[in-house]
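Heads up, the thing below is written out as structure tokens.
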Amino acid sequence: MSTIHLDAGDALLVIDMQYDFLPGGALGVTGGHEVIAPINHLIELFAAEGLPIVASRDWHPQDHCSFGAQGGPWPPHCIAGSPGAGFAAELALPDDAIVVSKADTAAVDAYSAFGGTDLAARLRARGVERVTVCGLATDYCVLQTASDALEEGFDTLIVPEAMRAVDVAPGDGARALDRMVARGAVPVRLGELGMTALSVA
Ligand code: VGL
Ligand code: ZN
């Protein structure tokens, strides 16, 4: 198994690890809690290298357009400031994690962490050239975030074992993975991501 060395141009994007997307939450993703441990492993790797760690969050007003009452497809979820919008406590986010709130106005939805945010500029300002994407949900926010990352010109690694799908239709998650790969994302296993030769020496 080859090792992918993380270096100064790398950043980790942790997508929407919020209570409402975990089992029991308003829009609970089956097995969502299972990705906390793999993501914590990723966080440890990136933090050890001093690399940027971004945590996105769905941050909706009560009358958000994606909610059923407004004609949208979803039950109310991730209401800004509510417990359900909070990051899972077991997620070991460092204090200096870059928190990106998205879809925080009623009229606009954004699955992507790049949608309507300054994330691309913030990453570029820090010299980021490659992102590693994990989190929830594979077929919505992870798919759109990875796709936008590629559009923005970032090399993009995806970690399938650190994501789970909503699977409204069976196979949506698998198809989302295929689409990300078709667009240029590179799937990696947790064990393939390593430290730089320098930091190990
Ligand atoms: C998401 C559905 C609605 C996600 C957000 O984080 O994947 N899915 N809002
Ligand atoms: Zn949402």
Members of segment 50-91 found to be away from ligand 2 (no atom under 13 Å from the Cβ) and either closer than 25 Å to ASP148 by Cα or surrounded by 17 or more Cβ atoms within 10 Å (Cβ to Cβ) (or both), listed by number: GLY50, LEU51, PRO52, ILE53, VAL54, ALA55, GLY86, PHE87, ALA88, LEU91
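Residues of segment 164-178 being in a helix (DSSP H, G or I) and open to solvent by less than 40 Å² (accessible area, probe 1.4 Å), which ones? Outline the logic, then answer.
Initially, segment 164-178 is screened for residues in a helix (DSSP H, G or I), giving 172-178.
Hits for segment 164-178 are ASP172, GLY173, ALA176.
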Quick check on segment 92-109: of everything there that is of a type in the set (A, V, I, L, M) and open to solvent by 70 Å² or more (accessible area, probe 1.4 Å), which residue is farthest from ligand 2 (Cβ to nearest atom)? ALA107
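Restricting attention to segment 11-26, does a residue exist that is touching a residue at least 12 places away in the same chain (Cβ under 8 Å), part of a loop (DSSP other than H, G, I, E, B) and either open to solvent by 20 Å² or more (accessible area, probe 1.4 Å) or small (Gly, Ala, Ser) (or both)?
From segment 11-26, those touching a residue at least 12 places away in the same chain (Cβ under 8 Å) are 11-22, 25-26; that's our starting set.
Among the residues that remain, those that are also part of a loop (DSSP other than H, G, I, E, B) are: 16-17, 22, 25-26.
Now drop any that are not either open to solvent by 20 Å² or more (accessible area, probe 1.4 Å) or small (Gly, Ala, Ser) (or both), which leaves 25-26.
Scanning segment 11-26 turns up at least one residue that is touching a residue at least 12 places away in the same chain (Cβ under 8 Å), part of a loop (DSSP other than H, G, I, E, B) and either open to solvent by 20 Å² or more (accessible area, probe 1.4 Å) or small (Gly, Ala, Ser) (or both).
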Search segment 80-105 for residues that are more than 14 Å from LEU13 (Cβ to Cβ) and pair each with any residue that is hydroxyl-bearing (Ser, Thr, Tyr) and open to solvent by less than 50 Å² (accessible area, probe 1.4 Å) when their beta-carbon atoms are under 7 Å apart and the residues are at least 6 apart or on different chains. none
Determine, yes or no, whether VAL29 is in a loop (DSSP other than H, G, I, E, B) and surrounded by 21 or more Cβ atoms within 10 Å (Cβ to Cβ). yes
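Can we say ALA137 is crowded, with 17+ Cβ neighbours inside 10 Å and not basic (Lys, Arg)?
On the way: crowded, with 17+ Cβ neighbours inside 10 Å: yes; not basic (Lys, Arg): yes.
When the stated conditions are applied, ALA137 passes them.
When segment 158-179 is examined, which residues are found to be farther than 19 Å from GLU192 by Cα and in contact with a helix residue (DSSP H, G or I) (Cβ under 7 Å, 6 or more places away or on another chain)?
Selection gives ARG164, ALA165, VAL166, ASP167, ASP172, GLY173, ALA176, ARG179.
Could you list, in sequence order, all residues of segment 43-79 that are of a type in the set (Gly, Ala, Ser) and in a helix (DSSP H, G or I)? Explain how you work it out, then say what you get.
Within segment 43-79, the subset of a type in the set (Gly, Ala, Ser) is 47-48, 50, 55-56, 66, 68-69, 71-72.
If the condition is that a residue be of a type in the set (Gly, Ala, Ser) and in a helix (DSSP H, G or I), then ALA47, ALA48, GLY68, ALA69 are the ones that fit.
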Assess whether PHE67 counts as being touching a residue at least 24 places away in the same chain (Cβ under 8 Å) and either within 15 Å of ligand 1 (Cβ to nearest atom) or in contact with a helix residue (DSSP H, G or I) (Cβ under 9 Å, 6 or more places away or on another chain) (or both). no
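If I filter segment 115-134 down to residues being open to solvent by 60 Å² or more (accessible area, probe 1.4 Å) and at negative phi, which single residue comes out as nearest to ligand 2 (Cβ to nearest atom)?
Selected residue: ASP118.
State whether the residues of segment 133-144 include one that is within 19 Å of GLY50 (Cα to Cα), touching a residue at least 24 places away in the same chain (Cβ under 8 Å) and more than 11 Å from ligand 1 (Cβ to nearest atom). Explain how you work it out, then say what you get.
Taking segment 133-144 and keeping what is within 19 Å of GLY50 (Cα to Cα), we get 133-134.
Narrowing the set further to residues that are touching a residue at least 24 places away in the same chain (Cβ under 8 Å) leaves 133-134.
Retained after the next criterion (residues that are more than 11 Å from ligand 1 (Cβ to nearest atom)): 133-134.
Among the residues of segment 133-144, at least one is within 19 Å of GLY50 (Cα to Cα), touching a residue at least 24 places away in the same chain (Cβ under 8 Å) and more than 11 Å from ligand 1 (Cβ to nearest atom), which makes the answer yes.
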For segment 28-35, check the following and say yes or no: at least one residue is more than 19 Å from GLU161 (Cα to Cα) and at pLDDT 95 or above. no
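From the list SER147, SER112, pick out the single residue that is surrounded by fewer than 23 Cβ atoms within 10 Å (Cβ to Cβ), under 22 Å from GLY32 (Cα atoms) and touching a residue at least 12 places away in the same chain (Cβ under 8 Å).
On the way: SER112 fails: surrounded by fewer than 23 Cβ atoms within 10 Å (Cβ to Cβ).
None of the other options fit; the residue is SER147.
The values are calculated or read from the model by the stated rules, or taken from the named source; none is laboratory data. Remember, it's a predicted structure, so these values are computed and weren't measured experimentally. Every residue, glycine as well, gets a Cβ built from its backbone with ideal geometry; the counts of neighbours run over all protein chains shown. Only protein heavy atoms, including side chains, enter the accessible area calculation; ligands, DNA and RNA are left aside. Shrake-Rupley method; radii C 1.70, N 1.55, O 1.52, S 1.80 Å.
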